[in-house]
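Report on the structure given below.
Please treat every number below as a calculation from the coordinates, not as lab data. All figures in this text were calculated on a predicted structure; none of them were measured in a lab. Note that each Cβ is placed from the backbone with ideal geometry, even for glycine, and that neighbours are counted across all protein chains shown.
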Amino acid sequence: MKAFRQEALRTLTPFGIGSPDVDVPVVYGNDTKEVIVRIIGNSYHPKVIKVTPGTTVKWINEDVFTYMEGEFSGIHNVIVKSGPERFASDMLAHAESHSQLLTVEGEYTYICTPHPYMEGKIIVTKDTASPGVQYAGTGSAPTSKMMWFVLILAATALMIALISLINK
């Protein structure tokens, strides 16, 4: 799969980071001191952000249900798998959050331990002015049609999992 992914012109993934033309970084300027990344439908939103050193990133678990353990749970966390500094959050149930102050420049790629296919990226740099990027506050709102689609897809998967458990 790695060879196919490298040869692909465009990568789309509902959970991980797609190709740069698909998952364009949401850029926050020097005046932004806290950025919120929402966890919805086994995915981080936005998936890629660009911030300046001294910014606090706050992850909020907005999955509707917290149930069971492992793959079928609505429990998530944040753990850096590559970057200049390593950090990890506790497991986050519905409406719980974790904040992390980022001071060291570099690219941080992070995942969710129970759902390792969930992936996000933070680019910490003093230079946030880059052509062809989406700036925070522009584009579609987090409650766009795509977000509703992901939420409905997650609810459908939940229903299938619950029905299969009941029928056992």
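Charge tally around I60: other residues with Cβ under 14 Å, Lys/Arg +1 each, Asp/Glu -1 each, net -3. Partner lysines whose Cα lies under 24 Å from the Cα of K121, excluding those fewer than 8 positions away in the same chain, are identified as K2, K33, K47, K50, K58, K81, K145. Each Lys or Arg adds one and each Asp or Glu takes one away; over the other residues whose Cβ falls under 15 Å from the Cβ of Y110, this sums to +2.
Seen from S97, the other residues with C-beta closer than 15 Å to its C-beta sum to a net charge of -3, counting Lys and Arg as +1 and Asp and Glu as -1.
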